[in-house]
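For reference, the structure discussed in these notes is given below.
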Amino acid sequence: MRRVGVAVLIVLLAGCTGPVRSFTVYESKAGKTAQAAVSAVQTALLATDAAAAGKAYGRYLSETLAEAEADLTSAQGTFDGIQPPDDRSDQLRGELDGLLGKAVEGLADLRIAARRGRFGELPAIARPLHGLSDRLDGFAKAHA
């Protein structure tokens, strides 16, 4: 299942590279980046739920969270490498980068707690990610 998620992420990110000349194209790339971010955040939330239910431990959990964080960081880096073509695109970039930054921070916090063996803290750390995932999903749908 993880390989399927990575394959989907690669396909999504392939659409997020290269120069763009119009707001419409840039907006589409922003939407695809937000979709990739939702996937990474949802992966982390599923792993956290599994840990809370006593179904995921140690190395597996730590690795799953690290991979979700890496996927999200990669999506953000790819998007940030695209030159915004106009002022509207600058605003869109700022909005998405704000969401992506919070998501990366949340996933990093989860990874760090898991690697320190603080599994009981994961649900509380993950709590803000639920709303953030919804916001990213809404952004993706609004800018598809």
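The values are calculated or read from the model by the stated rules, or taken from the named source; none is laboratory data. What you see is a predicted model; the values in this text were computed from it and never measured. Cβ placement follows ideal geometry from the backbone for every residue including glycine, while neighbour counts extend to all protein chains displayed. Calculation scope for accessible area: heavy atoms of the full protein, side chains included, ligands and nucleic acids excluded. Shrake-Rupley method; radii C 1.70, N 1.55, O 1.52, S 1.80 Å.
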Checklist line | Geometric extent, Cα atoms of segment 92-140 - Rg, Dmax (angstrom) | finding: 12.1, 38
Next item on the list: For the chain, find the longest principal axis of its Cα atoms and tell me its angle to the long axis of helix 23-52, 0 to 90°, nearest 10.
Entry: 0 degrees
Item checked: Loop-located trypsin sites (Lys or Arg not before Pro) in segment 40-99, at most 12 other Cβ atoms within 10 Å (DSSP) -> LYS55
Next item on the list: Quick one: pull the percent of accessible area on segment 94-144 belonging to carbon and sulfur, 1.4 Å probe, ligands and nucleic acids left out.
Entry: 51 percent
Next item on the list: Over the chain, calculate the relative contact order: mean separation of alpha carbon pairs under 8 Å at least 6 apart, over the residue count, as a percent.
Entry: 37 percent
Check: Can you pull the Rg over Rh of segment 69-119, Cα-only, Kirkwood?
Finding: 1.15
Next item on the list: Express the accessible area of the chain per residue in Å², computed with a 1.4 Å probe while the remaining protein chains stay in the model.
Entry: 52 Å²
Note to self: For segment 62-144, what does the relative contact order come out to in percent, with C-alpha contacts under 8 Å and a separation of six or more?
What the structure shows: 35 percent
Note to self: Output the 0 to 90 degree angle, nearest 10, between the alpha-carbon long axis of helix 122-142 and the longest principal axis computed from the alpha carbons of the chain.
What the structure shows: 20 degrees
Next item on the list: Tell me the Kirkwood hydrodynamic radius of the chain in angstroms, computed as one over the mean inverse distance between distinct C-alpha pairs.
Entry: 15.3 Å
Check: What angle do you read, to the nearest 10 degrees and between 0 and 90, between the alpha-carbon axis of helix 58-80 and the longest principal axis of the chain?
Finding: 10 degrees
Item checked: Set LYS55/LYS141; LYS29/LYS102; LYS102/LYS141 screened for pairs whose C-alpha atoms are more than 21 Å apart -> LYS55/LYS141
Check: Hey, what do the phi angles of segment 101-110 turn into as Karplus ³J(HN,Hα) couplings, whole Hz, using 6.51/-1.76/1.60 and θ = phi - 60°, x for Gly and Pro?
Finding: x, 5, 5, 4, 4, x, 5, 4, 4, 5
Next item on the list: Quick one: check the C-alpha center-to-center distance for segment 121-135 versus segment 23-58, whole angstrom.
Entry: 11 Å
